[in-house]
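Data first, discussion second: the structure below is written as structure tokens.
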Amino acid sequence: MKVNENYAKIPGSYLFSEIARRVAAFSSAYPRREIISLGIGDVTLPLPPAVIEAMQKAVAEMGEAATFRGYGPEQGYAFLRETIVEHDFAAHGIGITPDEVFISDGAKSDCGNIGDLFSVDNRVAVCDPVYPVYVDTNAMAGRAGDYDKETGRWSNLLYLPCMKENGFVPKVPQEKADVIYLCFPNNPTGAVATREQLTEWVDYALYNNAIILFDAAYEAFITDPAIPHSIYEIPGAEHCAIELRSFSKTAGFTGTRCGYTVVPNALERDGQSLRAMWNRRQSTKFNGTAYIVQRAAEAVYTPEGQAQTRANIEIYRNNAEQIRRGLEGAGLTVHGGKNAPYIWAETPAGMGSWETFDLLLHEAGVVTTPGVGFGPCGEGYIRLSSFGDPKKLPTALMRIRAALGK
Ligand code: MLT
């Protein structure tokens, strides 16, 4: 018997598990210290009342023989797929159809699972810094090659540096990539891509016969009307892009679990329909998202659900603005946090990402995320999440200022 040897190549533990380990160690050493998390992008506001009501109604249905549901469609219930198409696409002039929408238990699973559709020989391009799931799942599948501890990079991945100089939005490379992960609004930098920048990527993918995996998990944070919410706003994207969306950050579903992936009918490679392949994959390996959860997600699109989710997002947006101002007041240079829930702050002069993370944890009792955890180009940055408890934010910012001697 042989195990998947790729797992042995993956360094350490998953970024957020390592952070949780350090926080737990600190907390057990200093049990009386109150810790405030601005680390992992986990929501803190409760689910909107419209969502709770829909869930309760669905729970009652499950308790009655006449309305009980067993296995649902692996692709998701038509009521949710149709609602999604109407609100997220048709309302914006995008011609996605319900059969192109696949409901799941969240974008993280889809991000990892979508790799099933791609050959191990594909050249995968990722941003640096990047959401670690894209890299780790490709490493597990054997597409990333070997890990170099010195550089913190995988031999077969094509890295797209996202730095201050390019506004944290990567240029299309000279080399050919087969699969490209793009996430805008970006995790971790909070950068957004313009229509022109996304058009360059779509043109690149079409020219190179590549596929873009577009992670739009944070699109609800866009306020600037010029910034695209979906890759399908770019002409030709239906021939080269798969889009991943989530209810986690939009409607507070991090613990409820629901997302969806769009695989257009027009997307074909090697004479095969990617939509048909994904359908085959999902119907074989997945039995659908819980009926109760899909009813909850549907309620997000009702007028009350929309008003309530927008009100919550407004609170997180206000958090982002406060964090930006608070960190500037603490003498840091900040990026992101506009049209995006993440603030990407430069670490104090001469301090690395982990060093700053440790200082803020130990001196301020505030959890952040070290930029280098997202890739070598993240060194010299820390990420702060705007999803923290708004009531605790002023204390967190005051403590950060004190810890940084301001
Ligand atoms: C993050 O903090 O980067 C996110 O919460 C990760 C995720 O959505 O899985």
TODO: Mind listing whichever residues of the stretch 116-131 are surrounded by 19 or more Cβ atoms within 10 Å (Cβ to Cβ) and of a type outside the set (A, V, I, L, M)?
DONE: F118, C127, D128, P129, Y131
Task: Residues that are surrounded by 16 or more Cβ atoms within 10 Å (Cβ to Cβ) and more than 29 Å from R69 (Cβ to Cβ), drawn from the stretch 289-314 - done: I313
Task: Complete set of residues in the stretch 71-92 that are assigned to a helix (DSSP H, G or I) and of a type in the set (S, T, N, Q) - done: T83
Task: Whichever residue in the stretch 39-70 is in a loop (DSSP other than H, G, I, E, B) and more than 28 Å from the chain's Cα centre (by Cα) and, among such residues, is nearest to the ligand (Cβ to nearest atom) - done: R69
- [ ] Go through (1) surrounded by fewer than 24 Cβ atoms within 10 Å (Cβ to Cβ); (2) more than 17 Å from V85 (Cα to Cα) one by one and return the number of the condition L182 breaks.
- [x] (1)
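Residues checked against (1) out of contact with any helix residue (DSSP H, G or I) (no Cβ under 9 Å at 6 or more places or on another chain); (2) within 18 Å of K338 (Cβ to Cβ):
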position	(1), (2)
V172	no, no
Y207	yes, no
I211	no, no
A217	no, yes
TODO: Quickly run through the stretch 246-277 and pick out the residues that are within 15 Å of the ligand (Cβ to nearest atom), outside any strand (DSSP E or B) and of a type outside the set (A, V, I, L, M).
DONE: F247, S248, K249, T250, G252, F253, T254, G255, T256, R257, C258
Open item on the list: Among the residues in the stretch 202-213, are any assigned to a loop (DSSP other than H, G, I, E, B), within 23 Å of R143 (Cα to Cα), more than 16 Å from the ligand (Cβ to nearest atom) and not hydroxyl-bearing (S, T, Y)?
Closed with: yes
Task: Answer residue from the stretch 108-146, given it is in a helix (DSSP H, G or I) and among the charged types (D, E, K, R) and is farthest from the ligand (Cβ to nearest atom) among those - done: D116
Task: Count of residues meeting criterion [part of a helix (DSSP H, G or I), away from the ligand (no atom under 13 Å from the Cβ) and surrounded by 21 or more Cβ atoms within 10 Å (Cβ to Cβ)] in the stretch 372-392 - done: 2
- [ ] Just give me the residues in the stretch 115-153 being over 24 Å from A217 (Cα atoms), touching a residue at least 60 places away in the same chain (Cβ under 8 Å) and of a type in the set (D, E, K, R), in sequence order.
- [x] D146, K149, R153
Task: Candidates A78, A54, A25, A8 - the one that is loosely packed, with under 14 Cβ neighbours inside 10 Å, of a type in the set (G, A, S) and touching a residue at least 12 places away in the same chain (Cβ under 8 Å) - done: A78
Task: Flag if Y301 is in a loop (DSSP other than H, G, I, E, B) and closer than 30 Å to K57 by Cα - done: yes
Open item on the list: Out of everything in the stretch 11-38 that is of a type in the set (S, T, N, Q) and assigned to a helix (DSSP H, G or I), what residue ends up being nearest to the chain's Cα centre (by Cα)?
Closed with: S17
Open item on the list: Cβ-Cβ under 7 Å, sequence separation 6+ or interchain: first residue in the stretch 241-263 and more than 15 Å from F221 (Cα to Cα), partner within 11 Å of the ligand (Cβ to nearest atom) and part of a loop (DSSP other than H, G, I, E, B). Which pairs?
Closed with: L244/A217; T254/D42; T254/V43; R257/G106; C258/G106; G259/G106
Open item on the list: Of all residues being among the hydrophobic types (A, V, I, L, M, F, W, C) and in contact with a strand residue (DSSP E or B) (Cβ under 8 Å, 6 or more places away or on another chain) in the stretch 317-344, which is surrounded by the fewest Cβ atoms within 10 Å (Cβ to Cβ)? Just the residue, please.
Closed with: V334
Open item on the list: Against the conditions (1) away from the ligand (no atom under 16 Å from the Cβ); (2) within 22 Å of V126 (Cβ to Cβ); (3) not polar (S, T, N, Q), where does Y218 fall short? Just the number, please.
Closed with: (1)
TODO: Search the stretch 179-204 for residues that are under 16 Å from S246 (Cβ atoms) and without any contact (Cβ under 8 Å) to a residue 12 or more places away in the chain and pair each with any residue that is within 16 Å of the ligand (Cβ to nearest atom) and outside any loop (DSSP other than H, G, I, E, B) when their beta-carbon atoms are under 8 Å apart and the residues are at least 6 apart or on different chains.
DONE: none
TODO: Search the stretch 192-220 for residues being closer than 15 Å to S386 by Cα and crowded, with 24+ Cβ neighbours inside 10 Å, and hand back the single one that is farthest from the chain's Cα centre (by Cα).
DONE: Y218
Task: Verdict on A349 being over 21 Å from the mean Cα position of the chain (by Cα), aliphatic (A, V, I, L, M), in a loop (DSSP other than H, G, I, E, B) and surrounded by fewer than 20 Cβ atoms within 10 Å (Cβ to Cβ) - done: yes
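The numbers here are math on the coordinates, done by the rules we state, and not lab data. It should be emphasised that the depicted structure is a prediction, and the values quoted were computed from it without experimental measurement. Here Cβ is always computed from backbone atoms with ideal geometry, including for glycine, and neighbour counts include all displayed protein chains.
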